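The values are calculated or read from the model by the stated rules, or taken from the named source; none is laboratory data. Computed from a predicted structure; not experimentally measured. All Cβ positions, even for glycine, are placed from backbone atoms using ideal geometry, and neighbour counts span all protein chains on display.
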Amino acid sequence: MAIRIGVPKETLEGERRVALVPGILKQFIDRLGAELMLEKSAGEASGFDDDAYPGVMLLDTADELYAQADIVLKVQPPSIDEVNKLKEGSLLIGFLAPHTGDERIHALNARKITSLAMELVPRISRAQSIDALSSQGNIAGYKAVLMAANLSGRLFPMLTTAAGTIRPAKVVVIGAGVAGLQAIATARRLGAIVEAYDVRSATKEQCESLGAKFIDTGVKAEGEGGYARELTDEEKAQQASVLADHIAQADAVISTAAIPGRPAPKIIDTATVERMKRGAVIVDLAAETGGNCELTRAGETVDHNGVLIHGPRNVPSTVAVHASEMYARNLYNLLSLIVQDGELTLDFDDQVIADSCLTHAGETKHEPTRQRLQGGTPS
Ligand code: NAD
(Lines give C-alpha, C1' and ligand atoms only; values in the text may rest on other atoms or scores of the structure.)
Protein backbone atom coordinates (compact mmCIF):
# COMPACT_ATOMS: atom_id res chain seq x y z
CA MET A 1 0.00 0.00 0.00
CA ALA A 2 1.28 3.48 -0.87
CA ILE A 3 2.39 5.66 1.97
CA ARG A 4 -0.34 7.93 3.32
CA ILE A 5 0.44 11.58 3.83
CA GLY A 6 -2.12 13.54 5.86
CA VAL A 7 -2.55 17.29 6.23
CA PRO A 8 -4.86 18.53 9.01
CA LYS A 9 -6.37 21.97 9.31
CA GLU A 10 -4.17 24.20 11.50
CA THR A 11 -5.70 24.74 14.92
CA LEU A 12 -3.58 27.56 16.36
CA GLU A 13 -5.61 30.76 16.58
CA GLY A 14 -4.78 33.15 13.74
CA GLU A 15 -2.88 30.56 11.67
CA ARG A 16 -4.07 30.81 8.07
CA ARG A 17 -1.42 28.72 6.34
CA VAL A 18 -1.75 25.12 5.21
CA ALA A 19 0.98 22.53 4.63
CA LEU A 20 -0.30 21.29 1.24
CA VAL A 21 -1.30 23.45 -1.73
CA PRO A 22 -2.96 22.50 -5.00
CA GLY A 23 0.03 23.51 -7.12
CA ILE A 24 2.22 20.74 -5.68
CA LEU A 25 -0.22 17.81 -5.69
CA LYS A 26 1.12 16.34 -8.93
CA GLN A 27 4.65 16.03 -7.51
CA PHE A 28 3.38 14.40 -4.32
CA ILE A 29 1.26 11.89 -6.21
CA ASP A 30 3.41 11.20 -9.30
CA ARG A 31 6.94 11.59 -8.01
CA LEU A 32 6.57 10.44 -4.39
CA GLY A 33 3.89 7.86 -5.20
CA ALA A 34 2.01 8.95 -2.08
CA GLU A 35 -1.66 8.77 -1.22
CA LEU A 36 -2.82 12.15 0.06
CA MET A 37 -5.39 12.93 2.75
CA LEU A 38 -6.62 16.37 3.73
CA GLU A 39 -8.94 17.44 6.51
CA LYS A 40 -11.90 19.18 4.90
CA SER A 41 -11.53 22.98 4.59
CA ALA A 42 -7.85 22.81 5.67
CA GLY A 43 -6.86 25.08 2.77
CA GLU A 44 -9.76 27.51 3.02
CA ALA A 45 -8.04 30.18 5.13
CA SER A 46 -5.22 30.29 2.56
CA GLY A 47 -7.69 30.62 -0.31
CA PHE A 48 -7.70 26.97 -1.45
CA ASP A 49 -11.12 25.30 -1.52
CA ASP A 50 -11.49 21.55 -1.12
CA ASP A 51 -12.34 21.35 -4.85
CA ALA A 52 -8.85 22.58 -5.65
CA TYR A 53 -7.39 19.30 -4.31
CA PRO A 54 -8.37 16.68 -6.93
CA GLY A 55 -7.10 13.18 -6.20
CA VAL A 56 -6.82 13.93 -2.47
CA MET A 57 -8.96 12.02 0.01
CA LEU A 58 -10.98 14.54 2.02
CA LEU A 59 -11.68 13.60 5.63
CA ASP A 60 -14.33 15.14 7.87
CA THR A 61 -12.21 15.24 11.00
CA ALA A 62 -8.59 15.52 12.03
CA ASP A 63 -9.05 12.45 14.24
CA GLU A 64 -9.71 10.23 11.21
CA LEU A 65 -6.68 11.70 9.49
CA TYR A 66 -4.32 11.23 12.43
CA ALA A 67 -5.48 7.63 12.84
CA GLN A 68 -4.56 6.73 9.25
CA ALA A 69 -1.63 8.91 8.19
CA ASP A 70 1.88 7.46 8.01
CA ILE A 71 3.22 10.99 7.58
CA VAL A 72 1.56 14.13 8.96
CA LEU A 73 2.52 17.53 7.58
CA LYS A 74 1.82 20.59 9.72
CA VAL A 75 2.67 24.25 9.85
CA GLN A 76 2.47 24.95 13.60
CA PRO A 77 3.67 22.62 16.36
CA PRO A 78 0.90 20.19 17.34
CA SER A 79 -0.88 20.47 20.68
CA ILE A 80 -0.39 17.61 23.16
CA ASP A 81 -3.87 16.44 22.27
CA GLU A 82 -2.91 16.32 18.59
CA VAL A 83 0.32 14.43 19.35
CA ASN A 84 -1.67 11.85 21.28
CA LYS A 85 -3.83 11.23 18.20
CA LEU A 86 -0.87 10.56 15.88
CA LYS A 87 -0.47 6.95 14.81
CA GLU A 88 2.26 5.35 16.91
CA GLY A 89 5.57 5.29 15.02
CA SER A 90 4.38 7.73 12.34
CA LEU A 91 6.40 10.62 10.91
CA LEU A 92 5.55 14.24 11.73
CA ILE A 93 7.06 17.18 9.85
CA GLY A 94 6.49 20.85 10.66
CA PHE A 95 7.68 23.75 12.76
CA LEU A 96 8.05 22.02 16.12
CA ALA A 97 9.53 24.75 18.37
CA PRO A 98 12.37 22.48 19.59
CA HIS A 99 13.71 25.12 21.97
CA THR A 100 10.48 25.15 24.00
CA GLY A 101 7.50 22.82 24.47
CA ASP A 102 9.13 20.12 26.59
CA GLU A 103 5.80 18.44 27.28
CA ARG A 104 5.18 18.09 23.55
CA ILE A 105 8.59 16.51 23.02
CA HIS A 106 7.93 14.01 25.83
CA ALA A 107 4.57 13.20 24.21
CA LEU A 108 6.23 12.68 20.81
CA ASN A 109 8.67 10.25 22.40
CA ALA A 110 5.92 8.45 24.27
CA ARG A 111 4.20 7.72 20.94
CA LYS A 112 7.53 6.89 19.25
CA ILE A 113 6.92 9.57 16.64
CA THR A 114 9.74 10.38 14.24
CA SER A 115 9.58 14.15 14.09
CA LEU A 116 11.49 16.42 11.74
CA ALA A 117 11.56 20.06 12.81
CA MET A 118 11.72 22.62 10.02
CA GLU A 119 13.61 24.94 12.40
CA LEU A 120 16.46 22.40 12.54
CA VAL A 121 17.02 21.99 8.79
CA PRO A 122 20.74 22.79 8.36
CA ARG A 123 21.60 26.08 6.59
CA ILE A 124 23.70 24.31 3.95
CA SER A 125 23.55 24.90 0.19
CA ARG A 126 21.99 21.51 -0.54
CA ALA A 127 19.13 22.21 1.86
CA GLN A 128 18.24 25.69 0.61
CA SER A 129 15.11 24.44 -1.14
CA ILE A 130 13.99 22.88 2.17
CA ASP A 131 14.74 25.91 4.32
CA ALA A 132 11.37 27.07 5.64
CA LEU A 133 12.90 29.58 8.06
CA SER A 134 14.16 31.35 4.95
CA SER A 135 11.00 31.04 2.86
CA GLN A 136 8.85 32.35 5.70
CA GLY A 137 11.46 34.91 6.81
CA ASN A 138 11.48 36.37 3.32
CA ILE A 139 7.74 36.89 3.52
CA ALA A 140 7.96 38.41 7.00
CA GLY A 141 10.62 40.89 5.86
CA TYR A 142 8.53 42.00 2.92
CA LYS A 143 5.33 42.35 4.93
CA ALA A 144 7.03 44.20 7.80
CA VAL A 145 7.87 47.06 5.45
CA LEU A 146 4.29 47.24 4.20
CA MET A 147 3.11 47.29 7.83
CA ALA A 148 5.48 50.17 8.57
CA ALA A 149 4.32 52.08 5.48
CA ASN A 150 0.72 51.47 6.47
CA LEU A 151 1.20 52.74 10.03
CA SER A 152 3.27 55.73 8.96
CA GLY A 153 1.73 59.10 8.25
CA ARG A 154 4.41 59.61 5.61
CA LEU A 155 4.96 58.45 2.06
CA PHE A 156 8.05 56.29 1.54
CA PRO A 157 9.12 57.43 -1.97
CA MET A 158 10.35 60.82 -3.05
CA LEU A 159 7.51 62.49 -4.95
CA THR A 160 7.73 65.63 -7.01
CA THR A 161 4.20 66.92 -7.43
CA ALA A 162 2.43 70.18 -8.20
CA ALA A 163 1.66 70.34 -4.49
CA GLY A 164 5.33 70.23 -3.59
CA THR A 165 8.20 67.80 -3.28
CA ILE A 166 8.03 65.01 -0.72
CA ARG A 167 11.33 63.79 0.67
CA PRO A 168 11.87 60.01 0.77
CA ALA A 169 11.39 58.27 4.10
CA LYS A 170 14.40 57.07 6.08
CA VAL A 171 14.20 53.41 7.03
CA VAL A 172 16.63 51.63 9.37
CA VAL A 173 16.74 47.83 9.20
CA ILE A 174 18.32 46.05 12.18
CA GLY A 175 19.39 42.45 11.61
CA ALA A 176 20.24 41.63 8.01
CA GLY A 177 19.44 37.92 7.86
CA VAL A 178 16.84 36.58 5.45
CA ALA A 179 13.98 38.79 6.71
CA GLY A 180 16.17 41.88 7.09
CA LEU A 181 17.60 41.62 3.57
CA GLN A 182 14.10 41.28 2.13
CA ALA A 183 13.00 44.27 4.22
CA ILE A 184 15.85 46.32 2.75
CA ALA A 185 14.89 45.30 -0.80
CA THR A 186 11.21 46.05 -0.19
CA ALA A 187 11.84 49.44 1.44
CA ARG A 188 14.14 50.35 -1.46
CA ARG A 189 11.46 49.30 -3.95
CA LEU A 190 9.06 51.66 -2.16
CA GLY A 191 11.63 54.42 -2.66
CA ALA A 192 12.90 54.85 0.91
CA ILE A 193 16.48 55.68 1.86
CA VAL A 194 17.65 52.63 3.78
CA GLU A 195 20.35 52.10 6.40
CA ALA A 196 21.02 48.65 7.80
CA TYR A 197 22.97 46.97 10.54
CA ASP A 198 23.90 43.44 11.59
CA VAL A 199 26.51 42.04 13.95
CA ARG A 200 27.76 39.65 11.26
CA SER A 201 30.28 41.55 9.14
CA ALA A 202 29.51 39.37 6.09
CA THR A 203 26.19 41.17 5.81
CA LYS A 204 27.78 44.56 4.98
CA GLU A 205 28.28 43.64 1.34
CA GLN A 206 24.82 42.03 1.11
CA CYS A 207 23.14 45.17 2.52
CA GLU A 208 25.09 47.42 0.18
CA SER A 209 24.29 45.29 -2.86
CA LEU A 210 20.59 45.85 -2.10
CA GLY A 211 21.07 49.61 -1.95
CA ALA A 212 21.31 50.14 1.82
CA LYS A 213 24.03 52.08 3.62
CA PHE A 214 25.66 49.85 6.26
CA ILE A 215 25.87 51.28 9.78
CA ASP A 216 29.26 50.44 11.25
CA THR A 217 29.03 50.11 15.04
CA GLY A 218 32.41 48.42 15.33
CA VAL A 219 30.76 45.37 16.93
CA LYS A 220 31.18 42.01 15.21
CA ALA A 221 29.69 38.80 16.60
CA GLU A 222 29.87 35.87 14.24
CA GLY A 223 28.54 32.76 16.01
CA GLU A 224 28.20 29.13 14.96
CA GLY A 225 26.52 27.86 11.78
CA GLY A 226 26.40 31.31 10.18
CA TYR A 227 24.29 32.71 13.05
CA ALA A 228 25.10 35.54 15.43
CA ARG A 229 26.21 35.01 19.05
CA GLU A 230 24.97 36.97 22.04
CA LEU A 231 26.88 40.20 22.72
CA THR A 232 28.82 41.08 25.85
CA ASP A 233 27.55 44.01 27.93
CA GLU A 234 30.28 46.30 26.56
CA GLU A 235 29.46 45.33 22.98
CA LYS A 236 25.77 45.96 23.63
CA ALA A 237 26.50 49.44 24.98
CA GLN A 238 28.75 50.31 22.04
CA GLN A 239 26.20 49.04 19.53
CA ALA A 240 23.34 50.86 21.23
CA SER A 241 25.05 54.23 21.31
CA VAL A 242 25.94 54.22 17.59
CA LEU A 243 22.59 52.80 16.50
CA ALA A 244 20.60 55.26 18.63
CA ASP A 245 21.78 58.21 16.52
CA HIS A 246 20.56 56.52 13.33
CA ILE A 247 17.28 55.31 14.87
CA ALA A 248 16.55 58.81 16.16
CA GLN A 249 16.59 60.10 12.57
CA ALA A 250 14.46 57.29 11.11
CA ASP A 251 10.86 57.48 9.94
CA ALA A 252 10.61 53.70 10.21
CA VAL A 253 12.69 51.00 11.87
CA ILE A 254 12.31 47.33 10.94
CA SER A 255 13.99 45.13 13.52
CA THR A 256 14.63 41.46 12.84
CA ALA A 257 17.57 40.56 15.10
CA ALA A 258 17.45 37.03 16.47
CA ILE A 259 19.65 34.35 18.01
CA PRO A 260 18.28 30.83 17.51
CA GLY A 261 16.72 29.37 20.63
CA ARG A 262 17.38 32.50 22.72
CA PRO A 263 15.26 35.53 23.60
CA ALA A 264 15.60 38.33 21.03
CA PRO A 265 18.47 40.72 21.76
CA LYS A 266 17.25 44.05 23.21
CA ILE A 267 18.66 46.69 20.91
CA ILE A 268 16.31 49.71 21.14
CA ASP A 269 15.79 51.05 24.65
CA THR A 270 13.12 53.49 25.82
CA ALA A 271 15.53 56.44 25.81
CA THR A 272 16.22 55.83 22.11
CA VAL A 273 12.50 55.64 21.31
CA GLU A 274 12.10 58.95 23.14
CA ARG A 275 14.64 60.51 20.77
CA MET A 276 12.57 59.44 17.72
CA LYS A 277 10.27 61.78 15.80
CA ARG A 278 6.52 61.83 16.50
CA GLY A 279 4.87 59.61 13.90
CA ALA A 280 7.92 57.37 13.49
CA VAL A 281 7.20 53.65 13.42
CA ILE A 282 9.04 50.59 14.68
CA VAL A 283 7.96 47.21 13.31
CA ASP A 284 9.53 44.62 15.57
CA LEU A 285 9.62 41.24 13.84
CA ALA A 286 11.24 39.75 16.93
CA ALA A 287 8.13 40.51 19.02
CA GLU A 288 7.25 36.85 19.58
CA THR A 289 10.60 36.10 21.20
CA GLY A 290 10.53 39.18 23.44
CA GLY A 291 11.23 41.95 20.92
CA ASN A 292 14.29 43.96 19.89
CA CYS A 293 12.70 47.05 21.43
CA GLU A 294 12.21 47.37 25.17
CA LEU A 295 8.67 48.71 24.62
CA THR A 296 7.44 46.01 22.24
CA ARG A 297 4.35 44.02 23.25
CA ALA A 298 3.71 40.96 21.07
CA GLY A 299 0.46 41.25 19.15
CA GLU A 300 0.03 44.95 20.05
CA THR A 301 0.81 48.39 18.69
CA VAL A 302 2.18 50.55 21.51
CA ASP A 303 2.03 54.34 21.19
CA HIS A 304 4.93 55.86 23.12
CA ASN A 305 4.88 59.66 22.90
CA GLY A 306 3.62 59.44 19.31
CA VAL A 307 6.08 56.73 18.22
CA LEU A 308 4.28 53.55 17.21
CA ILE A 309 5.92 50.26 18.20
CA HIS A 310 4.22 47.45 16.32
CA GLY A 311 4.87 43.89 17.49
CA PRO A 312 3.13 41.59 15.00
CA ARG A 313 2.73 37.88 15.62
CA ASN A 314 3.00 35.24 12.90
CA VAL A 315 3.56 37.61 9.98
CA PRO A 316 3.89 34.87 7.30
CA SER A 317 0.31 33.81 8.06
CA THR A 318 -0.89 37.24 6.86
CA VAL A 319 0.41 36.37 3.38
CA ALA A 320 -1.11 32.90 3.56
CA VAL A 321 -1.32 32.06 -0.16
CA HIS A 322 2.34 32.47 -0.98
CA ALA A 323 3.55 31.51 2.49
CA SER A 324 1.68 28.18 2.13
CA GLU A 325 2.92 27.66 -1.42
CA MET A 326 6.54 28.19 -0.43
CA TYR A 327 6.20 26.13 2.74
CA ALA A 328 4.52 23.22 0.94
CA ARG A 329 7.35 23.24 -1.60
CA ASN A 330 9.91 23.15 1.25
CA LEU A 331 8.08 20.11 2.66
CA TYR A 332 7.95 18.39 -0.71
CA ASN A 333 11.70 18.91 -1.21
CA LEU A 334 12.36 17.40 2.22
CA LEU A 335 10.02 14.48 1.56
CA SER A 336 11.72 13.73 -1.73
CA LEU A 337 14.77 12.73 0.37
CA ILE A 338 12.63 10.41 2.46
CA VAL A 339 9.93 8.89 0.24
CA GLN A 340 10.77 6.89 -2.87
CA ASP A 341 8.23 4.88 -4.88
CA GLY A 342 5.67 5.25 -2.12
CA GLU A 343 8.04 3.85 0.52
CA LEU A 344 9.54 5.61 3.52
CA THR A 345 13.34 5.44 3.91
CA LEU A 346 14.99 7.53 6.58
CA ASP A 347 18.72 7.82 5.99
CA PHE A 348 20.30 9.14 9.18
CA ASP A 349 23.66 9.37 7.38
CA ASP A 350 22.14 12.24 5.40
CA GLN A 351 22.98 15.46 7.29
CA VAL A 352 19.65 17.03 6.38
CA ILE A 353 17.69 14.18 7.98
CA ALA A 354 20.03 13.73 10.95
CA ASP A 355 20.12 17.44 11.85
CA SER A 356 16.38 17.99 11.35
CA CYS A 357 15.35 15.03 13.46
CA LEU A 358 13.93 16.05 16.84
CA THR A 359 12.63 12.67 18.03
CA HIS A 360 12.87 9.09 16.76
CA ALA A 361 11.89 5.70 18.20
CA GLY A 362 11.22 7.16 21.64
CA GLU A 363 14.44 9.19 21.88
CA THR A 364 15.20 12.88 21.57
CA LYS A 365 17.73 13.10 18.75
CA HIS A 366 18.47 16.84 18.79
CA GLU A 367 21.37 17.01 21.24
CA PRO A 368 20.77 20.47 22.81
CA THR A 369 17.10 19.57 23.35
CA ARG A 370 18.04 16.19 24.82
CA GLN A 371 20.35 17.88 27.30
CA ARG A 372 17.72 20.45 28.24
CA LEU A 373 15.11 17.76 28.85
CA GLN A 374 17.56 15.92 31.09
CA GLY A 375 18.04 19.13 33.08
CA GLY A 376 21.54 19.74 31.67
CA THR A 377 22.69 22.64 29.55
CA PRO A 378 19.69 24.56 28.27
CA SER A 379 19.32 24.81 24.49
P1 NAD B 1 18.07 34.93 12.30
O2 NAD B 1 16.60 35.06 12.04
O3 NAD B 1 18.54 33.93 13.28
O4 NAD B 1 18.61 36.37 12.76
C5 NAD B 1 18.36 37.54 12.00
C6 NAD B 1 19.57 38.39 11.95
O7 NAD B 1 19.79 39.04 13.21
C8 NAD B 1 20.87 37.63 11.66
O9 NAD B 1 21.42 38.14 10.46
C10 NAD B 1 21.74 37.92 12.87
O11 NAD B 1 23.11 38.05 12.53
C12 NAD B 1 21.15 39.23 13.36
N13 NAD B 1 21.48 39.58 14.76
C14 NAD B 1 21.53 38.80 15.85
N15 NAD B 1 21.87 39.52 16.94
C16 NAD B 1 21.97 40.82 16.53
C17 NAD B 1 22.27 42.05 17.19
N18 NAD B 1 22.51 42.09 18.50
N19 NAD B 1 22.32 43.17 16.45
C20 NAD B 1 22.08 43.14 15.11
N21 NAD B 1 21.79 42.01 14.43
C22 NAD B 1 21.74 40.87 15.13
O23 NAD B 1 18.88 34.74 10.97
P24 NAD B 1 18.43 34.11 9.57
O25 NAD B 1 17.81 35.16 8.76
O26 NAD B 1 17.66 32.88 9.83
O27 NAD B 1 19.84 33.76 8.92
C28 NAD B 1 20.95 33.38 9.70
C29 NAD B 1 22.12 32.97 8.85
O30 NAD B 1 21.85 31.84 8.08
C31 NAD B 1 22.59 33.99 7.87
O32 NAD B 1 24.01 33.90 7.86
C33 NAD B 1 22.09 33.54 6.57
O34 NAD B 1 22.82 34.04 5.47
C35 NAD B 1 22.30 32.08 6.75
N36 NAD B 1 21.49 31.31 5.82
C37 NAD B 1 22.13 30.36 5.07
C38 NAD B 1 21.40 29.61 4.17
C39 NAD B 1 22.06 28.57 3.34
O40 NAD B 1 23.22 28.67 3.03
N41 NAD B 1 21.35 27.54 2.99
C42 NAD B 1 20.05 29.79 4.06
C43 NAD B 1 19.43 30.76 4.87
C44 NAD B 1 20.18 31.51 5.75
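For region 17-54, filtering for residues that are in a loop (DSSP other than H, G, I, E, B) and modelled with pLDDT of 95 or more leaves 14. Within the bounds of region 245-262, is there any residue that is in contact with a Ser or Thr (Cβ under 6 Å, 6 or more places away or on another chain), within 10 Å of the ligand (Cβ to nearest atom) and either at pLDDT below 90 or over 29 Å from Pro122 (Cα atoms) (or both)? For region 245-262, residues in contact with a Ser or Thr (Cβ under 6 Å, 6 or more places away or on another chain), within 10 Å of the ligand (Cβ to nearest atom) and either at pLDDT below 90 or over 29 Å from Pro122 (Cα atoms) (or both): present. Going residue by residue through region 53-62, is there one that turns out to be at positive phi and either under 26 Å from the mean Cα position of the chain (by Cα) or touching a residue at least 60 places away in the same chain (Cβ under 8 Å) (or both)? No, region 53-62 contains no residue that is at positive phi and either under 26 Å from the mean Cα position of the chain (by Cα) or touching a residue at least 60 places away in the same chain (Cβ under 8 Å) (or both). Being buried (at least 24 other Cβ atoms within 10 Å of the Cβ) and more than 12 Å from the ligand (Cβ to nearest atom): is that true of Thr186 here? Answer is yes for this residue. Do we have Thr364 as surrounded by fewer than 19 Cβ atoms within 10 Å (Cβ to Cβ) and out of contact with any Gly (no Cβ under 8 Å at 6 or more places or on another chain) here? It is false that Thr364 is surrounded by fewer than 19 Cβ atoms within 10 Å (Cβ to Cβ) and out of contact with any Gly (no Cβ under 8 Å at 6 or more places or on another chain).
Scanning region 191-244 for residues that are β-branched (Val, Ile, Thr) and within 30 Å of Leu120 (Cβ to Cβ) yields Val199, Thr203, Val219, Thr232. Condition first: surrounded by fewer than 19 Cβ atoms within 10 Å (Cβ to Cβ), within 16 Å of the ligand (Cβ to nearest atom) and either among the charged types (D, E, K, R) or over 19 Å from the mean Cα position of the chain (by Cα) (or both). Now tell me which residues in region 263-299 satisfy that. Passing the criteria: Lys266, Asp269, Glu288, Glu294.
Gly177: farther than 30 Å from Ala361 by Cβ, within 9 Å of the ligand (Cβ to nearest atom), in contact with an Asp or Glu (Cβ under 9 Å, 6 or more places away or on another chain) and modelled with pLDDT of 95 or more, yes or no?
Taking the combined requirement at face value, the residue satisfies it.
Figure legend. Inter-residue proximity from region 108-123: first residues more than 17 Å from Ala354 (Cβ to Cβ) and part of a helix (DSSP H, G or I), second residues acidic (Asp, Glu) and at pLDDT 95 or above, beta-carbon distance below 9 Å, spacing 6+ or different chains. Indicated pairs: Asn109/Glu363.
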